[in-house]
Amino acid sequence: VSRAAVLALAAAVCAVPGLAACGGEDVVVQEAPTAAERGVAPAAGGTVERDPLRSGADADATLMVTVDDVGETRVRYRAARTVKAGLVEIRLHNRARALHKAQLWRIDGDHSVKEALRIRHPLPDWLRTAGGGSLTEPGKTSRTLQTLSPGRYYIAGTLGQPGSVASFEAIGPQPDRELPRAPARVEARDFSFRVSGLRAGRNSIDFDNTGAQPHHAFFAPMRAGVELAAVKQFFRAPTSVGEPPVTDRTRETVIVEGGERQIAQIDLTPGRYALICFVRDRGGGPRHIELGMINEVTVR
Ligand SMILES: [Cu+2]
């Protein structure tokens, strides 16, 4: 395993707000995956009913988000300035060289984006995570379905990543439509996961945060023979010495606030995964993995 692979993995983990010990050029710069790494299993066709991301007819609006490189180390998010509030399909088009996601944050009251970008834990009541687009490979477009209530938002990637965030406003009445369910489900609780319906290929995952705290779902492919305890230890103290217990082909939803849901598109190859949350409570405290929010999941 190359040192670059380990660093890319560390970078993926650092793409989570509130992580300690993240920083430095080594960790922030992600390398583009190789062709082999991009070779996810193709989606199985026609076997799943009621997949809201494939029917395409459910959304009230589409929010197009692009992410581009600006020079060597900066990225720029772009999106329309306004979108209709309601059931919104987010399409994240990654035109950059590395993997990127699009984390939405909602700003209440008169606070500015600049003010929000300076915030660390504890998170104030006026700043809430609001879903967004999952980690997406270079050259690909991912789709996410979720509700957006009226208000002001901004779109960002890695916390503290140099570059430009995009802000937009969701306009219109409060959404009155329920987000549909999906073939697969990942329920995040305070502080554990419950999983059903995951399979190899393209998954539309009902990512349902039934807890009170913000959570995300981070899928780390486990190497053969590795125990979950070794994965937990690795993420407690990442090291570039020796072979990591997980590969760098990680998958990841963005952070969803307590009580919220989204339908996230995640490509999974068959195998064992450590399903992890690295987020902290809104008030701060340890990363949720330290509170036991790590489960082993087998995808067939
Ligand atoms: Cu969590």
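The values are calculated or read from the model by the stated rules, or taken from the named source; none is laboratory data. On a predicted model such as this, the values are computed, not experimentally measured, just so you know. Neighbour counts run over all protein chains shown; Cβ positions are idealised from the backbone, glycine included. Quick note on the areas: whole protein, heavy atoms, side chains included, nothing else; ligands and nucleic acids left out. Shrake-Rupley method; radii C 1.70, N 1.55, O 1.52, S 1.80 Å.
Brief remarks on what is shown
- Qualifying residue in the stretch 162-171 (condition: modelled with pLDDT of 95 or more, open to solvent by less than 50 Å² (accessible area, probe 1.4 Å), among the β-branched types (Val, Ile, Thr) and under 23 Å from Lys114 (Cβ atoms)): no
- One residue stands out in the stretch 173-225 among those that are of a type in the set (Gly, Ala, Ser) and within 12 Å of the ligand (Cβ to nearest atom): the one that is farthest from Gln103 (Cα to Cα), namely Ser192.
- Residue, nearest to the ligand (Cβ to nearest atom), within the stretch 243-300, restricted to residues that are hydroxyl-bearing (Ser, Thr, Tyr) and in contact with a Phe, Trp or Tyr (Cβ under 9 Å, 6 or more places away or on another chain): Thr253
- Of everything listed in (1) within 16 Å of the ligand (Cβ to nearest atom); (2) over 21 Å from Gly109 (Cα atoms); (3) open to solvent by 10 Å² or more (accessible area, probe 1.4 Å), the single unmet condition for Arg128 is (2).
- Out of Val27, Val83, one residue alone is modelled with pLDDT of 50 or more and β-branched (Val, Ile, Thr). It is Val83.
- Inter-residue pairs, beta-carbon under 6 Å, first among the hydroxyl-bearing types (Ser, Thr, Tyr) and in the stretch 276-300, second open to solvent by 50 Å² or more (accessible area, probe 1.4 Å) and not in a loop (DSSP other than H, G, I, E, B), 6+ apart: Thr298/Arg272
- Residues of the stretch 58-82 that are under 19 Å from the mean Cα position of the chain (by Cα) and farther than 15 Å from Arg95 by Cβ: Thr62, Leu63.
- The lone exception for Arg236 - which of (1) at pLDDT 95 or above; (2) within 16 Å of the ligand (Cβ to nearest atom) it fails: (1)
- Scanning the stretch 189-241 for residues that are in contact with a Gly (Cβ under 8 Å, 6 or more places away or on another chain), open to solvent by 50 Å² or more (accessible area, probe 1.4 Å) and not polar (S, T, N, Q) yields Arg189, Asp190, Phe191, Ala212.
- Hey, Thr144 surrounded by fewer than 21 Cβ atoms within 10 Å (Cβ to Cβ), of a type in the set (Val, Ile, Thr) and in contact (Cβ under 8 Å) with a residue 40 or more places away in the chain or not: no
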